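Here the structure comes first, spelled out in structure tokens, and everything after it is commentary.
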Amino acid sequence: MIASILPTYSRAPLTFVSGEGSWLVEQDGRRFLDLGAGIAVNALGHAHPALVEALGAQANALWHVSNLYNIPAQQKLADALVEQTFADTVFFTNSGTESCELAVKMARKYWYDKGAPDRTEIITFSGSFHGRSSAGIAAAGSEKMTKGFGPLLPGFTHLEFGDHDALTAAASDQIAAIMVEPVQGEGGIRPLPDVCLKGLRDLCDEHGILLIFDEVQCGIGRTGKLFAHEWAGIAPDIMMVAKGIGGGFPLGAVLATEDAASGMTAGTHGSTYGGNPLACAVGAAVMDIIADDVFLADVNRKAALLRQKLEGLVASHPDVFEEVRGTGLMLGLKCKAANTDVVAAGYAEEVLTVPAADNVVRLLPALNITDADIATAVARLDAAATTVAGGHA
Ligand code: PLP
């Protein structure tokens, strides 16, 4: 008999009932150190007082009002995002995959309105992940995500991640957009070097192609800048955001330049819940904390501390780990042992990590994780690795 919850997830046998900071409490009372943060969602950890306060205040005033009317919390968050980024305008969604849907629509409408209605093709890369909607799976294109779900949304050219020659050959005045994660998350924590991001920008400029960054996982302070592409000193035309921006409340956004967004006039797109007052009140509180140089400097300091400890961990377990990869607090342990064994051994040591493709264990802790929690986390990972090395996972 089918489970009452559609069985699309393989879940660990863990049930968390409360959380505080980087800690989650299991129903049996065990306290787990959370290095997954809801897969980069709980950017400020669990139950951050400022977010609880923002949500509570908004809940007491007004839960929902349609986008038929003005929403002050939405305006506040949009203004903050426009002020802090390349973007001139923002549309709010509820998730990353909805942001992907709009990014694709926006790019197509842009060319339609420019008198090039056939300029619809979007270049994407192997190992990418853009969500589970029809546009999201067609964009990523992997068999794992698309098999059985055809006919797929047409209009995507899939290139091998890192194949510069293929990219240069495919880029032409017929391509509508290039969509890329500056740091691949699901694909195994694979950062695009700054020089490649700059090269992508140049290539797009040469052919008039729109550059779309998917910063759903790597954005909102995760790499130590508000958005990951800032390290390269370049900007996209369109950017997909979600996860960390809501700090745990479902919220996403598409940011764009005025030119890229020019086709999206009244009636061309919409969402019942997108930009809901509760979500935006929390999002504005998240931005208040994270879009701050002092906060981001501390993220970079902690990232260096965690990375240094992880390099030591890898060196002490050469049979389990191959290398540390990634940037900021978006780190991966490339494994020699099965990554799922390392994650499972972590459960036994009460530390939570997340598997990714390419046999990688992902570490995406809360951006405000304490130094003490970093030390405890690595000690627990060390114990987990010892178990795996001993073949007891
Ligand atoms: N894009 C990236 C880079 C992601 O990592 C994810 C989710 O993991 C998504 C899009 C989809 O986001 P959501 O699950 O909120 O639809």
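Annotation: amide H-H contacts under 5 Å for LEU363 (H modelled 1.01 Å from N, sequence separation of 5 or more, or interchain): LEU331, GLY332, LEU333. Of all the options GLY332, GLY188, GLY208, the one that moves most in a Gaussian network model of the chain with Cα springs shorter than 10 angstrom is GLY208. Taken per residue, the accessible surface of the stretch 40-195 reaches 49 Å², heavy atoms only and a 1.4 Å probe.
Give the carbon-plus-sulfur fraction of the accessible surface of the chain in %, rounded to a whole number; probe 1.4 Å, heavy atoms of protein chains only. With neighbouring chains kept in place, the figure for the chain is 54 percent. Looking at ALA297, ILE220, LEU210, which one has the Cα that reaches farthest to the positive end of the dipole of the stretch 205-298 (charges on Cβ: Lys, Arg +1; Asp, Glu -1)? Of ALA297, ILE220, LEU210, it is ILE220. For the stretch 271-326, the alpha carbon positions stretch 51, 29, 13 Å along the principal axes, listed from largest to smallest. Grouping the Cα pair distances of the stretch 132-228 into 5 Å bins from zero gives a pair-distance distribution of 2, 12, 20, 23, 20, 15, 5, 1 percent in increasing distance order.
Once Rh is set to the Kirkwood radius over Cα pairs, what Stokes-Einstein translational diffusion coefficient, in µm²/s, holds for the stretch 20-132 at a temperature of 10 °C and a viscosity of 1.306 mPa s?
Details: Rh = 18.1 Å.
It diffuses with D of about 88 µm²/s by this estimate.
Note on the chain: percent of Cα-Cα distances in each 10 Å bin, starting at 0 and stopping at the bin with the largest distance, equals 5, 23, 32, 26, 12, 2, 0.
The C-alpha atoms of the chain define a longest principal axis, and helix 371-389 lies at about 70 degrees to it.
Which residues in the stretch 351-375 place their backbone N less than 20 Å from a point set 7 Å from the Cα of PHE16 along the Cα-to-Cβ direction? 351-357, 361-375, by backbone N distance to the label point. THR387 sits with roughly 40 Å² accessible to a 1.4 Å probe, with DNA, RNA and ligands left out of the calculation.
Over all orientations, the stretch 1-72 has a Cα convex hull whose mean projected area works out to 8.2 square nanometres.
Calculated mean residue ellipticity, 222 nm, the chain: -11500 deg cm²/dmol, from DSSP H runs (n ≥ 4) at -39500 (n - 2.57) each, averaged per residue and rounded to 500. What angle, in degrees between 0 and 90 and rounded to the nearest 10, separates the Cα long axis of helix 49-61 from the longest principal axis of the Cα atoms of the chain? That works out to roughly 50 degrees. Against the chain, whose longest principal axis comes from its Cα atoms, helix 277-290 is set at around 70 degrees.
The values are calculated or read from the model by the stated rules, or taken from the named source; none is laboratory data. Quick caveat, the model's predicted, so the values are computed rather than measured. Reconstructed Cβ throughout: ideal geometry from the backbone, glycine too, with neighbour counts over all protein chains shown. Note: areas computed on protein heavy atoms with side chains; ligands, DNA, RNA excluded. Shrake-Rupley method; radii C 1.70, N 1.55, O 1.52, S 1.80 Å.
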